[in-house]
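Notes follow the structure.
The values are calculated or read from the model by the stated rules, or taken from the named source; none is laboratory data. Keep in mind it's a predicted model, so treat the numbers as computed, not measured. Cβ placement follows ideal geometry from the backbone for every residue including glycine, while neighbour counts extend to all protein chains displayed.
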Amino acid sequence: MQRYSGFSLVKHALSHHENWQRHWRNPVPKKEYDVIIVGGGGHGLATAYYLAKQHGITNVAVIEKGWLGGGNTARNTTIVRSNYLWDESAALYEHSMKLWEGLSQDLNYNVMFSQRGVLNLGHTLQDMRDIQRRVHANRLNGIDGEVVTPEQIKEIEPALDTSERARYPILGASWQPRGGVARHDAVAWGFARGADARGVDLLQQTEVTGFKIVDGKVVGVHTNRGDIGARTVGCVTAGNSGVLAKMAGFQLPVESHPLQALVSEPLKPILNTVTMSNHVHGYISQSDKGDLVIGAGIDGYLGYGQRGSFSVVEHTLQAIIEMFPMFSRVRMNRQWGGIVDTTPDACPIISKTPVQGLFFNCGWGTGGFKATPGSGNVFAWTLAHGQAHPIAAAFSIDRFRTGALIDEHGAAGVAH
Amino acid sequence: MFHIYCPYCAEYREEEEFHPKGQAHIARPADPTASSDDAWGDYLFFRDNPRGVHHELWVHAVGCRKFFNITRDTRSYAILETYRMGEQPGVTAETATLAERDIERRTSDTATIQGVPS
Ligand SMILES: Cc1cc2nc3c(=O)[nH]c(=O)nc-3n(C[C@H](O)[C@H](O)[C@H](O)COP(=O)(O)OP(=O)(O)OC[C@H]3O[C@@H](n4cnc5c(N)ncnc54)[C@H](O)[C@@H]3O)c2cc1C
Ligand SMILES: [Zn+2]
């Protein structure tokens, strides 16, 4: 792998930047691998990277039906935070946060992780009680967080309407300074490049159409490019996980919904941080390019069409104008949707399944981008050991039968 | 934006008047206290979530406030029929034709429809 540095930039300038290597190979599928990862989004690529890097398992294929990182990874609003309420989820997201903090160095790839802080606004007394409870829980778990007043919010984000004139006046917020945003494509590409360099085959334009199962054990997958063998298969297919589970003969406690986002025309820097509000239901940040990045809510119906309803867009922009009246005349540039895999408790599923050797990592729903490195890290461990990583253990499918749900609707309500 | 025919009001109304309520025709275990954890978990949480024809429950929330069912394709979003509570669907995954489902025209998950040369 060609390493990136200031020096290499200067060196390549001398040859007019015409000799940079490709990021990864485009290999022909082998007959058999030790591990197959289905789904080349951020989570699948991170899984492959850590399998190779930390567990020395390099005979691995990532099978992606489209292009790398073209699913929800490319469609999300890139909010990263770890201020979840319950111990189990706090551990998972904070594990991820720690990896984010060293990720660009580790990957030798600039993922543009920017810890500009995340505000979660409260507009009602109940919001404020929930926020206080969550911030206290976070601090007990060693996660940074503060409850801030409208005056402090005004200092952090002057463009926000913190006055009492607002229809839903802001009473306070939780503030996680270590939260922020990252460049979604770079995350997928960085993990892909690192995995490829260690021998992982990245098979794009390859769709898994079924599983080969013998005596209750997985022995490979069917694809549109022929059958490929493996005794361990990890499915990291987000919105399509229910479809994959059905191919393997079981159901998941997952529903696939459209989730939309939109970006405005580029503006001069106006937002310092990430602002989210569960109550008026919108969230916003500004990209380095200058566009306002705005996230919507999910459509309540099932949908695989990667587009949602106009009414959701309308409600979202109402919420943004409620928080930032000065944006009322900003023009929107683009709008799109992804398919998010929601679970009843708003927590992911990282789990073995009724089929031996077949594991699923899904159910990240509306908020899994922030978990990309952590999810890949614990899932790689799980695949390498054939049993759940200690942090992942609580996220088994079994919880929907034992009743040990991890209800994060409070922390994840809107939420990303 | 959906234009939904409410089988009770017998009129087409805009999507905003309705709320989707999840998979239809889920039978509650007859004797909940006797049901196993597995059966109860299945009933509460596990869903078909099909990529294709789906029978789902909706409520005409700001209209007549009645619940009813819709058969819809989750790829094209085409509504194939609406029918009252207690009735069975007239269209299913097996019987719906491609034209009805409107797949060619409206599917937008490009990765799948483009197909893939090997
Ligand atoms: C609009 C929107 C905004 C969001 N905002 C945030 C946010 O601000 N913060 C946050 O933390 N999260 C956010 N999320 C959620 C986040 O995007 C996802 O949880 C996360 O990116 C999931 O990553 P993944 O790698 O699991 O899935 P994906 O990136 O979707 O990857 C799954 C891959 O599997 C492939 N696949 C599916 N079926 C098959 C098959 N049969 N064979 C081969 N390949 C297959 C797909 O093509 C896809 O590339 C948002 C999501 C959306 C849609
Ligand atoms: Zn009605």
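For this structure, a couple of remarks:
- Flag if A:TRP24 is closer than 20 Å to A:SER375 by Cβ, of a type in the set (A, V, I, L, M, F, W, C), surrounded by fewer than 24 Cβ atoms within 10 Å (Cβ to Cβ) and modelled with pLDDT of 95 or more: no
- Residues in region A:336-356 that are under 20 Å from A:GLU88 (Cα atoms) and either more than 10 Å from chain B (Cβ to nearest Cβ) or within 14 Å of ligand 1 (Cβ to nearest atom) (or both): A:ASP341, A:THR342, A:THR343, A:ALA346, A:CYS347, A:PRO348, A:ILE349, A:ILE350, A:SER351, A:LYS352.
- All positions within region A:48-83 that are part of a loop (DSSP other than H, G, I, E, B), within 11 Å of ligand 1 (Cβ to nearest atom) and not small (Gly, Ala, Ser): A:GLU64, A:LYS65, A:TRP67, A:LEU68, A:ASN76, A:THR77, A:THR78, A:ARG81
- Hits in region A:14-43 (condition: touching a strand residue (DSSP E or B) at 6+ places or on another chain (Cβ under 8 Å) and closer than 23 Å to A:GLY338 by Cβ): A:ILE37, A:VAL38, A:GLY39, A:GLY40, A:HIS43
- In this entry, B:ARG84 is excluded by the filter for residues that are surrounded by 15 or more Cβ atoms within 10 Å (Cβ to Cβ) and either under 19 Å from A:SER309 (Cα atoms) or in contact (Cβ under 8 Å) with a residue 12 or more places away in the chain (or both).
- Subset of region A:204-219 that is over 27 Å from the mean Cα position of the chain (by Cα) and not β-branched (Val, Ile, Thr) - its residue that is surrounded by the fewest Cβ atoms within 10 Å (Cβ to Cβ): A:ASP215
- Any hit, region A:311-319, residues being assigned to a helix (DSSP H, G or I), away from chain B (no Cβ under 11 Å), crowded, with 21+ Cβ neighbours inside 10 Å and more than 16 Å from ligand 2 (Cβ to nearest atom): yes
- Residues within region B:1-48 that are hydroxyl-bearing (Ser, Thr, Tyr) and in a helix (DSSP H, G or I), tallied: 2
Results for (1) away from chain B (no Cβ under 14 Å); (2) within 13 Å of ligand 1 (Cβ to nearest atom); (3) within 18 Å of A:VAL208 (Cα to Cα), shown as yes or no for each residue.
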site	(1), (2), (3)
A:ARG25	yes, no, no
A:GLU32	yes, no, yes
A:HIS95	yes, no, no
A:ASN120	yes, yes, no
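- Each residue in region A:282-308 was checked for being touching a Phe, Trp or Tyr at 6+ places or on another chain (Cβ under 7 Å) and surrounded by fewer than 22 Cβ atoms within 10 Å (Cβ to Cβ), and 1 of them qualify.
- Among the residues of region A:278-291, those identified as part of a strand (DSSP E or B) and under 19 Å from the mean Cα position of the chain (by Cα) are A:GLY282, A:TYR283, A:ILE284, A:SER285, A:GLN286.
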